[in-house]
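Novice: Quick one: the structure is below, and I'll ask about it shortly.
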Amino acid sequence: SQTIHQWPATLVQPVGSPLSLECTVEGTSNPNLYWYRQAAGRGLQLLFYSVGIGQISSEVPQNLSASRPQDRQFILSSKKLLLSDSGFYLCAWSSGTQFYEQYFGPGTRLTVT
Amino acid sequence: GNSVTQMEGPVTLSEEAFLTINCTYTATGYPSLFWYVQYPGEGLQLLLKATKADDKGSNKGFEATYRKETTSFHLEKGSVQVSDSAVYFCALSSTNAGKSTFGDGTTLTVKP
């Protein structure tokens, strides 16, 4: 069966510090991968998605970036965090052979202080 | 572009009450439709799906029917429980890398 992991689960970082969040998927190959952000009490904002290694599409211009160094690894980064980067970050995957239902990781709660 | 409009919350019900959360969509082509549920502090989980017109998705007592003529996918449950308290998201997906469009979510609280 497929599983998706995200770490860390929680993170408190000062403004201006770098960020690296990691997501890995097991039990499937060549998944579509996604990064979302969810502000408190709000809906989901798609940040990045990837259909293959090294292929990243950005949905919202901001000071975040994403990389996919391996087939089942997706990394969200920032060189300098802003207060507005606080939120709940969710990684998800979908299969290109199904109807694109997405499977979400447990999320990372990021607080920028 | 694609869009999903959900009934605004929050929704508060007593245990065993009937639940309806409305969802309408705008999309080109023939999208697949989904309901996801998010419990506090967790990621989203797929609750049910429907992939073509008139399909009924169902799971854990929840149901939703893909109505192409009204572009709707309303979520229903006949008798809610306290454990159903969560945020519910309606979503659709297109063939563009499987990108999904999500509604803003509806918070459901069920009181004993």
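Novice: State log₁₀ I(q)/I(0) for chain A at q = 0.13, 0.15, 0.17, 0.23 Å⁻¹ as given by the Debye formula over alpha-carbon point scatterers of equal weight, solvent excluded.
Specialist: -0.44, -0.59, -0.76, -1.35
Novice: How many nm is it between the label spots at residue B:76 and residue A:111, if each spot is 7 Å from the Cα in line with the beta carbon?
Specialist: 4.3
Novice: A further question follows. Starting from 0.36 nm per residue, how many nanometres of slack lie between residue A:5 and residue A:40 once their C-alpha separation is accounted for?
Specialist: Extra length available between residue A:5 and residue A:40 comes to 10.4 nm.
Novice: For residue A:84, project a label point 7 Å along Cα to C-beta. Then give me every residue of the stretch A:15-54 with its amide nitrogen under 14 Å of that point.
Specialist: Under 14 Å, as judged by backbone N against the label point of residue A:84, lie A:39 of the stretch A:15-54.
Novice: Another one. What residue among B:28, B:43, B:109 has its Cα farthest toward the positive end of the dipole of chain B, where the charges are +1 on Lys, Arg and -1 on Asp, Glu, each on the Cβ?
Specialist: Of the options given, the answer is B:28.
Novice: Moving to a separate point now. Using a simple spin-label model with points 7 Å from Cα along the Cα→Cβ vector, what separation in nm is obtained for residue A:53 and residue B:46?
Specialist: 2.6
Novice: Right, here's the next one. Working from the pairwise distances between different alpha carbons, so that the mean of 1/r is found and then inverted, what is the stretch B:1-71's Kirkwood radius in Å?
Specialist: It works out to 13.6 Å.
Novice: Next question. At most 16 other Cβ atoms within 10 Å and a DSSP loop assignment: could you name the GluC sites (Glu not before Pro) in the stretch B:1-74 that fit?
Specialist: B:8, B:15, B:16, B:42, B:69
Novice: What percentage of all Cα-Cα pairs in the protein assembly as shown are separated by more than 25 Å?
Specialist: 41
Novice: Please compute the modelled spin-label separation between residue B:26 and residue B:59, points set 7 Å along Cα→Cβ, answer in nm with one decimal.
Specialist: Calculated label separation equals 2.8 nm.
Read the figures in this text as sums done on the coordinates, not as results from a lab. Because the structure is predicted, anything quoted here is derived from the model rather than measured. Positions of Cβ are backbone-derived with ideal geometry, glycine not excepted, and every protein chain shown enters the neighbour counts.
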